[in-house]
Amino acid sequence: MKTYFIFTRKQRASARLLVINAGVVFLLYVAAHHYLPPLTSDKDALTQLLNVLDIAIWVIEAVLLGLALWFWLENKQIRGCVTPDTLSYSDPTFSDVGWQVKMADIAQLKQVTDAQQNFLSNVLVLKNGEQKQLMYGNYRGFDRRAFFKALVLANPNIMVPDNIYSYKMQSSAWAKRI
């Protein structure tokens with residue numbers, strides 16, 4: 001079957017990124033111990049701050065490296081695919097999300113941000129009102145332009161955002177009632 005768009009990524013790419021983040025956090029910890037003492041005259045406050053950092057660094061490092069190890073060993077595949085008939089999406093990183101919909105059932109692709117929390121969401125809205133979450137904003141190398149073009153090529157009636165990086169502000173349901 002013809003494929004208009006495909007994106008795949010293994011979780012080991014995320015594991016490598018987590019290891020790099022763990023390294024950067026450790027370098028910031030070392031830099032704090034080296035560069036902060038000459039910058040302050042309040043040695044008591046500095047001692048308290050560094051004592052907190054001495055504990056927090058190991059918790060942060062354990063979480064980052066633990067997640068990296070889990071992703072490395074699990075190494076499941078994130079996949080998005082647009083064909084003339086279907087859009088399929090699977091993302092094991094976020095609770096093993098996986099679904100497939102017919103292109104004819106898709107009404108629009110919305111990119112919205114929550115008015116209160118400034119949280120970005122990419123939502124596929126089906127004609128029956130059902131919504132499917134897409135997490136493509138989390139992955140480097142995901143070609144939004146090609147994805148949008150593939151959706152429109154497969155079904156010209158799908159509404160996609162005018163700009164690939166524009167997000168519309170969305171108020172919470174309770175705020176709309178007020």
*asked:* Taking 20 Å as the cut-off for C-alpha to C-alpha distance, list the pairs among Lys2/Lys149; Lys2/Lys102; Lys10/Lys127 that go past it.
replied: Lys10/Lys127
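When ligands, DNA and RNA are left out and all protein chains stay put, how many square angstrom of accessible area per residue does region 53-164 have with a 1.4 Å probe?
Here the residues of region 53-164 average 56 Å² of exposed surface.
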*If you stretched the chain out fully between Gln77 and Ile55, how much longer would it get, using 0.36 nm times the residue separation minus the C-alpha to C-alpha distance?*
4.4 nm
_the chain: calculated mean residue ellipticity at 222 nm from DSSP helix runs of at least 4, using -39500 (n - 2.57)_ = -14000 deg cm²/dmol
*Show me 20-28, 48-56 ranked by packing, highest mean number of other Cβ atoms within 10 Å first.*
20-28, 48-56
*Modelled label-to-label distance, Met135 and Lys149, 7 Å Cα→beta-carbon offset: nm?*
2.7 nm
*asked:* Could you report the accessible area of Tyr35 in Å², rounded to 10, computed with a 1.4 Å probe on the protein chains as they sit in the structure?
replied: 140 Å²
_Rounded to the nearest 20 debye, what is the charge dipole size of the chain about its Cα centre when +1 sits on each Lys and Arg Cβ and -1 on each Asp and Glu Cβ?_
800 debye
*How many percent of the accessible area of the chain is carbon or sulfur, using a 1.4 Å probe?*
59 percent
*Calculate, in whole percent, how much of the Cα-Cα pair population of region 1-43 lies beyond 12 Å.*
73 percent
*FRET efficiency for Thr93 and Ala32, using Cβ-Cβ distance with R0 set to 45 Å, rounded to 0.05*: 0.90
*For region 1-76, radius of gyration divided by Kirkwood radius, i.e. Rg to Rh on alpha-carbons*: 1.27
*Using only Cα atoms, find the angle between the long axis of helix 144-154 and the longest principal axis of the chain, and express it within 0 to 90 degrees, rounded to the nearest 10.*
20 degrees
*Can you list the aspartates and glutamates whose alpha carbon is less than 18 Å from that of Lys110, not counting same-chain residues fewer than 8 positions off?*
Glu130, Asp143, Asp162
*Where both residues lie in the chain, what percent of DSSP beta bridges are antiparallel, nearest 5?*
85 percent
_Spread of Cα-to-Cα distances over 5 Å intervals beginning at zero, given as percent, for the chain_ = 1, 7, 12, 14, 13, 12, 11, 9, 8, 5, 4, 2, 1, 0
*Taking 0.36 nm per intervening residue step and subtracting the Cα-Cα distance, what contour gain separates Asp85 from Asp162 on full extension?*
25.4 nm
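The values are calculated or read from the model by the stated rules, or taken from the named source; none is laboratory data. Treat the numbers as computed from the prediction; the structure is a model and nothing was measured. Every residue, glycine as well, gets a Cβ built from its backbone with ideal geometry; the counts of neighbours run over all protein chains shown. Heads up: the accessible areas ignore ligands, DNA and RNA and are worked out on the full protein's heavy atoms, side chains in. Shrake-Rupley method; radii C 1.70, N 1.55, O 1.52, S 1.80 Å.
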